[in-house]
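What follows is a short report on a single structure.
The values are calculated or read from the model by the stated rules, or taken from the named source; none is laboratory data. These figures come from a predicted structure and were not determined experimentally. Heads up, the Cβs are rebuilt from the backbone with ideal geometry, glycines too, and the neighbour counts pull from every protein chain shown. Side chains included, ligands, DNA and RNA excluded: accessible areas come from the protein's heavy atoms. Shrake-Rupley method; radii C 1.70, N 1.55, O 1.52, S 1.80 Å.
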Amino acid sequence: MNGDLDVDMSRGDFNPSFYLGRLKDDEFESRSLCDDDSFDAMSGDENKQEQRPNKKKKKRTRYHRHTSYQIQELESFFKVCPHPNEKQRLELGKKLTLESKQIKFWFQNRRTQMKTQLERHENVILRQENEKLRLENSFLKESMRGSLCIDCGGAVIPGEVSFEQHQLRIENAKLKDELDRICALANRFIGGSISLEQPSNGGNGSQHLPIGNGFSGGTSLMLMDLTMEAMDELLKLAELDNPLWSSKSEKEAIVRPACTREIGLVLINSVALVDSLMETNKWAEIFECIVAVASTVEVISNGSDGSRNGSLQLMQAEFQVMSPLVPIRQKKFLRYCKQHGDGLWAVVDVSYDINRENEHLKSYGGSKRFPSGCIIQDIGNGCSKVTWIEHLEYEESHIHSLYQPLFGSSVGLGATKWLATLQRQCESFTNLLSSQDHTGLSLAGTKSILKLAQRMKVNFYSGITASSVHKWEKLNAENVGQDTRILTRKSLEPSGIVLSAATSLWLPVTQQRLFEFLCDGKCRNQWDILSNGASMETTLLVPKGQREGSCVSLLRAAGKDQNESSMLILQETWNDASGALVVYAPVDIPSMNVVMSGGDSAYVALLPSGFSILPDGSSLSDQINTNGGLVNQESKGCLLTVGFQILVNSLPSAKLNVESVETVNNLIACTIHKIRAALRIPA
């Protein structure tokens with residue numbers, strides 16, 4: 001056995017119980033020699049040796065001493081994994097030119113040595129505690145001598161104490177009560193036996209609550225209490241048989257509650273979904289059309305037992321609706337995750353306000369998110385049953401009149417919107433991993449083109465909602481409609497000044513009908529000026545799920561070969577209960593050849609344009625389903641948002657002129673007019 005265990009026993013964060021739990025399995029494992037010959041040396045039979053006196057005695061076994069490099073590598077691996085499996089032992093042996101048995105014996109001996117040292121350390125601690133108790137007992141006995149009761153003058157048990165000692169005992173009692181209260185709440189918060197003592201006394205298997213350093217103990221306790229109440233409310237809302245929807249607030253006529261619930265199957269297992277919800281970047285990527293940007297402000301609890309159970313974090317995000325008429329909502333909220341059984345998880349969000357006395361909606365930007373989230377239940381085959389609940393309250397005065405019916409439904413920012421988005425994204429990811437790919441591209445090529453389409457969508461969303469993804473500046477221009485917003489930003493790729501224009505309007509046509517029209521390549525020339533009067537044909541189609549119209553595609557003018565035009569149209573489309581999207585951008589053929597071969601797509605310049613379609617919510621206001629959500633009946637009309645981005649000058653330092661603004665404004669007006677004419681909708 002080479003090398004000593006490098007453990008600093010004086011550190012306050014050292015926890016012997018962590019290693020002892022792993023080392024109990026090795027309690028009866030023998031300390032073994034490193035060479036195979038050692039077995040013969042240790043198992044020799046004396047009688048047999050006496051019967052063979054003429055044979056020479058075996059030479060004494062030579063022990064194999066590992067080199068410094070071997071010991072260093074073994075020690076490094078031991079810190080990460082004290083119990084390597086057969087495959088890991090083989091890989092280590094190959095790397096260090098040792099046999100698998102030698103690796104196995106080294107780790108056995110290492111664990112045995114660590115166990116011995118940890119037990120020795122525990123004995124020292126117990127002796128110290130015993131001595132402390134003995135001295136405390138002696139002190140109490142001394143204090144009891146000659147003590148008199150104030151009332152009767154007789155002997156009393158507690159003994160005489162000074163005023164300072166009396167005050168200290170009172171303070172200690174208060175601290176003990178506070179500690180007990182924290183432990184009781186922590187036990188409920190992450191489960192198991194929680195102790196807030198120093199880790200050196202952790203040999204009894206107790207856990208330690210990981211509290212973030214950004215909050216005081218009292219604040220952390222308050223946040224834990226708040227999230228526990230939110231979790232209880234979420235579970236109650238999930239179990240209610242009655243519909244959650246109520247059309248008017250009992251408090252004020254101008255304040256509208258929106259509490260919706262939706263249940264559906266999702267192609268992802270519970271653990272993977274919980275990880276995606278608790279990791280800010282993954283969460284924002286999944287709900288890209290709802291969450292513009294997000295970040296974790298503070299991790300208050302990391303959970304327990306290496307899982308997300310009991311994880312609590314403070315987050316902030318920008319929530320968006322695809323329209324320039326609906327402002328971005330910046331929210332700070334707490335997110336708490338708890339496991340309620342085998343394959344059963346719940347994740348809840350609640351608005352964060354450290355000063356909870358101020359409950360007016362104005363302090364929350366006109367809307368407040370009450371306990372909302374999802375309950376996730378594994379159903380096998382990599383699928384989960386998800387119950388999504390959204391509970392909002394908002395002031396109607398903060399919502400554009402065109403979008404008030406939508407916010408009064410489950411589609412605006414309600415449960416239907418969240419669950420449908422989650423289902424679509426998980427289906428897309430599952431489709432990417434499946435082997436049924438008939439695009440002719442390699443997996444690297446498929447991922448590259450999907451990554452490019454993802455960047456195109458995010459840029460399009462940012463130009464519509466003015467999120468902080470890009471540093472947009474609002475431009476107040478004359479001769480621009482009241483519902484049209486003009487934004488500008490400096491761009492590096494493409495280099496220059498980018499002008500974005502977007503507007504929203506209501507059309508008396510269903511979401512499905514409008515989506516089919518915009519996706520029909522034969523009708524493209526009826527509204528798209530990039531088609532130059534020609535219909536469009538698909539040269540490449542990458543499906544993103546089983547839903548019709550959910551795909552990324554490359555388009556080019558029909559009847560023209562590759563030599564006649566060097567320009568293609570990259571387009572992504574999807575359509576579900578949450579709405580529909582058609583976003584596209586012109587791309588050059590050489591760049592796309594690099595992307596489709598698996599090359600880096602970050603250098604492809606994109607100026608996205610397109611359409612976001614939402615149901616108007618008019619026919620959803622009074623139809624409630626048995627799940628407490630709203631029946632997904634198709635509206636007679638829809639809300640169409642049109643957005644264009646154009647490069648008005650290739651010099652980033654250039655200034656905009658009136659002609660550029662008029663160009664993009666006329667482009668929007670002309671496109672809307674052509675769509676109305678093609679669908680025979682009167683102006």
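Quick rundown of the values:
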item	result
Given (1) open to solvent by 50 Å² or more (accessible area, probe 1.4 Å); (2) under 27 Å from Ser367 (Cα atoms); (3) of a type in the set (Gly, Ala, Ser), number of the condition Gly414 does not satisfy	(1)
Residue in the range 481-498 that is of a type in the set (A, V, I, L, M, F, W, C) and exposed (fewer than 14 other Cβ atoms within 10 Å of the Cβ) present	yes
Residue among Thr641, Thr663 that is of a type outside the set (A, V, I, L, M, F, W, C), at pLDDT 85 or above, within 26 Å of Leu325 (Cα to Cα) and open to solvent by 70 Å² or more (accessible area, probe 1.4 Å)	Thr663
Residue check, Ile569 among the β-branched types (Val, Ile, Thr) and exposed (fewer than 14 other Cβ atoms within 10 Å of the Cβ)	no
Unmet requirement for Leu514, which otherwise passes all of (1) within 17 Å of Leu568 (Cα to Cα); (2) buried (at least 20 other Cβ atoms within 10 Å of the Cβ)	(1)
Subset of the range 294-330 [outside any strand (DSSP E or B) and among the aliphatic types (A, V, I, L, M)]	Val321, Met322, Leu325, Val326, Ile328
Residue in the range 507-523 that is touching a residue at least 60 places away in the same chain (Cβ under 8 Å) and closer than 30 Å to Asn476 by Cβ present	yes
Residue in the range 457-479 that is buried (at least 17 other Cβ atoms within 10 Å of the Cβ) and on the phi > 0 side of the Ramachandran plot present	yes
Residue list for the range 99-129, filter: hydrophobic (A, V, I, L, M, F, W, C) and open to solvent by less than 30 Å² (accessible area, probe 1.4 Å)	Ile103, Phe105, Trp106, Phe107, Met114, Leu118, Ile125
Gln425 of a type outside the set (Gly, Ala, Ser) and crowded, with 21+ Cβ neighbours inside 10 Å	yes
Among residues of the range 77-113, those that are under 16 Å from His66 (Cβ atoms) and assigned to a helix (DSSP H, G or I), counted	20
Considering residues of the range 480-518 that are touching a helix residue (DSSP H, G or I) at 6+ places or on another chain (Cβ under 7 Å) and of a type in the set (S, T, N, Q) only, the residue farthest from Val658 (Cα to Cα)	Ser504
Gln454 vs. criteria part of a helix (DSSP H, G or I), under 29 Å from Ala605 (Cβ atoms) and polar (S, T, N, Q)	yes
Cβ-Cβ under 7 Å pairs, at least 6 apart or on other chains, the range 271-289 side under 23 Å from Asp342 (Cβ atoms), far side part of a helix (DSSP H, G or I) and open to solvent by 10 Å² or more (accessible area, probe 1.4 Å)	Ser276/Lys282; Ser276/Ile286
Test result for Ala444, over 17 Å from Ala292 (Cβ atoms), in contact with an Asp or Glu (Cβ under 6 Å, 6 or more places away or on another chain) and assigned to a helix (DSSP H, G or I)	no
Scan of the range 377-426 for residues that are outside any helix (DSSP H, G or I), out of contact with any Asp or Glu (no Cβ under 9 Å at 6 or more places or on another chain) and under 14 Å from Leu267 (Cα atoms), ordered by number	Gln377, Ile379, Gly380, Asn381, Gly382, Cys383
Test set (1) polar (S, T, N, Q); (2) over 30 Å from the mean Cα position of the chain (by Cα); (3) in a strand (DSSP E or B) - Gln482 fails condition number	(3)
Those residues of the range 517-543 which are assigned to a loop (DSSP other than H, G, I, E, B), surrounded by 14 or more Cβ atoms within 10 Å (Cβ to Cβ) and modelled with pLDDT of 90 or more, in sequence order	Trp527, Asp528
Any chance Glu318 is open to solvent by 10 Å² or more (accessible area, probe 1.4 Å), in contact (Cβ under 8 Å) with a residue 24 or more places away in the chain, touching a Gly at 6+ places or on another chain (Cβ under 7 Å) and not aromatic (Phe, Trp, Tyr)	no
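Here's the yes/no breakdown for (1) open to solvent by less than 40 Å² (accessible area, probe 1.4 Å); (2) touching a Gly at 6+ places or on another chain (Cβ under 6 Å); (3) within 30 Å of Glu572 (Cα to Cα):
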| position | (1), (2), (3) |
| --- | --- |
| Asp275 | no, no, yes |
| Met278 | yes, no, yes |
| Trp283 | yes, no, yes |
| Phe287 | yes, no, yes |
| Ala292 | yes, no, yes |
| Val299 | no, yes, no |
| Asp305 | no, no, no |
